[in-house]
1. For the stretch 251-263, check the following and say yes or no: at least one residue is open to solvent by 50 Å² or more (accessible area, probe 1.4 Å), under 27 Å from V190 (Cβ atoms) and in contact with a Lys or Arg (Cβ under 8 Å, 6 or more places away or on another chain).
2. Would you point out which residue out of A127, A138 is under 26 Å from V283 (Cα atoms), part of a helix (DSSP H, G or I) and open to solvent by 10 Å² or more (accessible area, probe 1.4 Å)?
3. Return yes when A201 is of a type in the set (G, A, S), surrounded by 15 or more Cβ atoms within 10 Å (Cβ to Cβ) and part of a helix (DSSP H, G or I) and no when it is not.
4. Quick one: would you say E108 is open to solvent by 30 Å² or more (accessible area, probe 1.4 Å) and under 23 Å from R199 (Cβ atoms)?
5. Limited to the stretch 295-307, what total is found for residues that are under 14 Å from T162 (Cβ atoms) and under 19 Å from the mean Cα position of the chain (by Cα)?
6. With respect to Y64, is the statement that it is among the hydroxyl-bearing types (S, T, Y) and out of contact with any strand residue (DSSP E or B) (no Cβ under 8 Å at 6 or more places or on another chain) true?
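The values are calculated or read from the model by the stated rules, or taken from the named source; none is laboratory data. Bear in mind that the values here come from a model prediction, so they are computed numbers and not experimental data. Positions of Cβ are generated from backbone atoms using ideal geometry, with glycine treated the same way; all protein chains shown enter the neighbour counts. Surface areas here come from the heavy atoms of the whole protein model, side chains and all, with no ligands, DNA or RNA. Shrake-Rupley method; radii C 1.70, N 1.55, O 1.52, S 1.80 Å.
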Amino acid sequence: MARWAADGLIAVTGASGRLGSRLAFRLAAEGARQRLVVRDPARAPRLSDGRPLPECQVAVADGYRDTEGMRAAFDGVRTVFLVSAREAPDRVAQHTAMIDAAAAAGVERLVYTSFAGAAPEAVFTFARDHWHTEEHLAAVGARTGLRWTVLRDNLYFHALSTFVGHDGVIRGPAADGRVAAVSHDDVADVATAVILDERPARHDGAIYEVTGPQALTLDEVAATLGRAAGRDLTYHPETEEEAYASRAGYGAEPFELDGWVSSYTAIAAGELAHVSDDVGRLVGRPARSLAQWLDDYPGEWAHLRRA
């Protein structure tokens, strides 16, 4: 199969994380040349026998605030896969600095992981960050010729497993709304298809909605997780006031609390319910279900089992 990026270097940011590492293994399997951008080189993805991934370099940068380190990591790179930064008050500034660094380094193409429903007035506060980032990416592309593609991922299945409290209850103001959560694997498969497509121009300026195959209520999520864990897990709908009060003792900053609570209210508002066929169209198979993810990754939800 012809691969557009086969003769160009691909930088994968967040390469030690759940998404970046999955993408790195997929690109390596296709023979692509990569530069894995990590904070700690010891955490860069490796083969099961400890050897480095083939055709891979490792670049070290201390996060997206390390603009000099990231600029060096992008030097000589043709395509950048930009995993969104951790939630922070200056998150948009971090993203825009990375986009600017890629353009300044002469990168031809950038694939960015955004979020479902990204909009300036999105209920989920962190989705607003993604919208501002998308706007900057489009503006830089128009000004410099940087080609771009956006992957708007829904909530991850792993994130849903962390919603469950120690008492086996998911609490939050999601009402009876639905969420079309997705696996990290499907996002990595979509990214691989986009980055290595032999006809890359068809992805220029594209915004893909990367979702699971169905939209579930949190009652249904709890029941599915419970069946796998062998215990009764339930969902208790809170009011917004109850949600803020129940999380007040976590020591989190206000922006974090707003993000946590609004992830539920966005579900209640229907902003995460859309089921897209983009995984099927781009990858050539249906998106994985929550039940499939539970079967595939028992270690990622082992905390739900009884002690």
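1. yes
2. A138
3. Details: of a type in the set (G, A, S): yes; surrounded by 15 or more Cβ atoms within 10 Å (Cβ to Cβ): no; part of a helix (DSSP H, G or I): yes.
So A201 fails the test.
4. yes
5. 3
6. Judged against the criteria, Y64 is a match.
Here is a yes/no grid of residues against (1) crowded, with 22+ Cβ neighbours inside 10 Å; (2) more than 24 Å from S84 (Cα to Cα):
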site	(1), (2)
L151	yes, no
A159	no, no
G168	no, yes
A175	no, yes
S183	yes, no
V190	yes, no
Y208	yes, no
P213	no, no
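Every residue, every condition in (1) farther than 19 Å from F74 by Cα; (2) open to solvent by 10 Å² or more (accessible area, probe 1.4 Å); (3) not in a helix (DSSP H, G or I), yes or no:
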site: G14; (1), (2), (3): no, yes, yes
site: G20; (1), (2), (3): no, no, no
site: A24; (1), (2), (3): no, no, no
site: L27; (1), (2), (3): no, no, no
site: L36; (1), (2), (3): no, no, yes
site: A42; (1), (2), (3): yes, yes, no
site: S48; (1), (2), (3): yes, yes, yes
site: Q57; (1), (2), (3): no, yes, yes
